[in-house]
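Below is one structure, written out as structure tokens, with a few remarks after it.
Any read-out appearing in this document is the output of simple, stated calculations on the displayed coordinates, not a laboratory observation. As the structure is a prediction and not an experimental result, all values here were calculated from the model. All Cβ positions, even for glycine, are placed from backbone atoms using ideal geometry, and neighbour counts span all protein chains on display.
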Amino acid sequence: MKTIDQIYINGQFLTPHGTQQQELINPTTGQLATRVVLGDAADVDAAVAAAKAAYVAYSRTSKQERMAILQRLHEAVAARSEELVQVMVEEYGGTLAFCRASVQRAANSFLQTKQLLETFDFVRTAGSARVVLEPLGVVGIITPWNSSYGFICSKLATALAAGSTAVIKPSELSAAQTQILAECLHAAQLPPGLFNIVNGSGEIVGNAITAHPDIAKISFTGSTAVGKHIARGAIDTLKRVTLELGGKSPNVLLDDADLDLAIPTAVAAFTFNSGQACLAGTRLIVPASRLEEIKQRIKVAVDALKVGDPANADTQIGPLVNAAQYARVQRYIALGTEEGATLLTGGAGHPAGLENGYFVKPTVFVNVRNDMAIAREEIFGPVLSIISYDSEEEAIAIANDTVYGLQAYVSSGDQARANRVAAQLVAGRVFINGLYDEPLAPFGGFKQSGIGREFGTYGLEAYLEPKAMMGYSASNEIY
Ligand code: NAD
């Protein structure tokens, strides 16, 4: 069993002031894996003080200096890729393929942000005014467990590119991943205090970050419920917030869709990351005229998925992260039947032979109405609701009838029609006829899926405050 009893403040690994402990279970075996000592509000104070002191010099660095730092961080994370993957598979239960992609994405986020800086203009004009985009101060970064490295690295990269320093609170369920990632980031030998990492619970460390008067902005990824709590707490000090929250994303299959393409896309969209993905396409909205054909194809594809040990290269769905997540998914599967939906495949309990870990059966419901809880609430497991429609207008109305607006998918054999429907879907991102990865595209949600955008120019601007100067002389420029 691992013990993680260090946090990272001012360039050093330290024993936290907090003494509370938490045990983490390996989701594949159900065995005790890690004991983590959690930080507390005093640790947050120390981390913020270090970040605040470092901010004085760091906020005045040039683009070239920040780019050099991002390059070093990229190299330091990339250097231990395989170990990072192994720890993530073990602790989180993500499949090997997902964890490899996730680690690569995390390392590359520093490079992508460095490239962004090359052409990013911190000085603009508005009429006769000179407008300088200034960093905000110390940024609080709070992340979930479902792709821990990626969220930490991309948020840290953006904060540092902007000239801010950071206090990071990773998910308490990702302690071993946090430890190895912290070692990587430490190896980049940045000036002390640029980033600080405090393990801890949301209630104690998360709340302390939200309330802290010396934190200027919070970048949060996690559930909508916690996002609302943070937004409320941030009001007292008028912190800026970027909130990346939940989703219940529609996948609209138009009646001319090529099912050879659309069905594998639909299955990947709801089972990706073992269904623990904010952008999962969990509502499959299909033409009533093709329902039988679609049901049959979905069942064949889902039944062929390999659920099992995430360390095996051919596993497509691993266990869920912990017992609470397993219980949550079981509750929704039971609720689907109680609400009158029909089980097409999957269902309650563990898949045969996988009784020890937090494995669930990939599950598909048909005869789902969009007002059922399984169609409205984020389940965060591999559970799909199939909802049928009679007209294109009805399909769009069902797709948009949700409190969320993070992601949407549309499939059609007619590109112009797909474009037309995509334009009417209320979501931060729309994927047309496939799955895509564009790290420079803005990411974030409409409605209760969040506030603000991450990545690329939009993401960086969310970490900057415009200062308009009039009567300014162009000598002594900082940027
Ligand atoms: P969560 O909201 O429970 O926790 C996220 C983080 O917030 C954790 O670090 C947690 O400790 C912290 N936290 C909890 N209570 C807090 C509080 N009172 N104050 C401050 N921080 C607090 O989410 P989770 O279970 O870790 O992750 C799953 C959720 O994240 C899902 O709802 C999913 O949709 C969402 N998510 C969204 C995105 C996105 O980009 N939109 C990406 C991934 C996950």
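Considered as an equivalent ellipsoid built on the Cα gyration tensor, the range 68-171 has semi-axes of 31, 15, 10 Å, the largest given first. Note on the range 250-432: Cα-Cα pairs beyond 22 Å make up 41% of the total pair count. Extension gain for Leu238-Lys2 works out to 81.0 nm (0.36 nm per residue, less the C-alpha to C-alpha distance). Taking every C-alpha pair closer than 8 Å and separated by at least 6 residues, the mean separation divided by the residue count of the range 250-432 gives a relative contact order of 29 percent.
As a check on your grasp of the helix formula, calculate [θ] at 222 nm for the chain: sum -39500 (n - 2.57) over DSSP H runs of n ≥ 4, divide by the residue count, round to the nearest 500. Counting only the DSSP helices, I get -12000 deg cm²/dmol. Short-range pairs are left out: with C-alpha atoms under 8 Å and at least six residues apart, the relative contact order of the chain is 18 percent. DSSP bridge analysis restricted to the chain gives an antiparallel fraction near 40%, rounded to the nearest 5. Taking the DSSP beta bridges in the range 13-167 as the whole, what percent of them are antiparallel, to the nearest 5? In the range 13-167, DSSP labels about 75 percent of beta bridges as antiparallel. If R0 equals 35 Å, the separation of the Cβ atoms of Glu203 and Asp401 corresponds to a calculated FRET efficiency of about 0.55.
Model label sites at Glu183 and Thr29, defined 7 Å from Cα along the beta-carbon direction, differ in position by 1.9 nm.
Can you order the peptides 360-371, 152-163, 402-413, 53-64 by their average number of other Cβ atoms within 10 Å per residue, highest first? Intermediate values should be presented prior to the final figure.
Numbers: 360-371: 21.8, 152-163: 26.9, 402-413: 24.3, 53-64: 15.7.
Put in order of decreasing packing, that is 152-163, 402-413, 360-371, 53-64.
Decide, for the chain, between rounded, prolate and oblate: order the square roots of the alpha carbon gyration tensor eigenvalues as a ≥ b ≥ c, take rounded if a/c falls under 1.5, and otherwise choose prolate if a/b is larger than b/c, else oblate. It comes out oblate by the Cα gyration axes.
DSSP bridge analysis restricted to the range 250-432 gives an antiparallel fraction near 15%, rounded to the nearest 5.
Give me the angle, in degrees from 0 to 90, between the Cα long axis of helix 323-338 and the longest principal axis of the Cα atoms of the chain, rounded to the nearest 10. Roughly 40 degrees between the two axes. The gain in end-to-end length when the Ser391 to Arg376 segment is fully stretched comes to 3.3 nm, 0.36 nm per residue minus the alpha carbon separation. Modelled this way, with points 7 Å down the Cα-to-C-beta line, the labels at Tyr458 and Ala97 are 2.8 nm from one another. Each residue, Leu440 and Ala42, gets one label point 7 Å from its Cα in the Cβ direction; the gap between the two is 4.9 nm.
The spacing between the range 102-139 and the range 165-189, judged by their C-alpha centroids, is 22 Å.
Since only Gly413, Val286, Asn400 are under comparison, the one whose Cα sits farthest along the positive direction of the charge dipole of the range 250-432, derived from C-beta charges on Lys, Arg, Asp and Glu, is Asn400. Candidates Gln325, Ala304, Gly428 compared by Cα position along the dipole of the range 250-432: farthest toward the positive end lies Gln325, with charges placed on Cβ. The charge dipole of the chain, taken about the Cα centre with unit charges on the Cβ atoms of Lys, Arg (+1) and Asp, Glu (-1), comes to about 860 debye, rounded to the nearest 20. Angle of helix 96-119 to the longest C-alpha principal axis of the chain, folded into 0 to 90 degrees and rounded to 10: 40°. Helix 81-92: angle to the longest alpha-carbon principal axis of the chain, degrees 0 to 90, nearest 10? Tilt relative to the chain: about 60 degrees.
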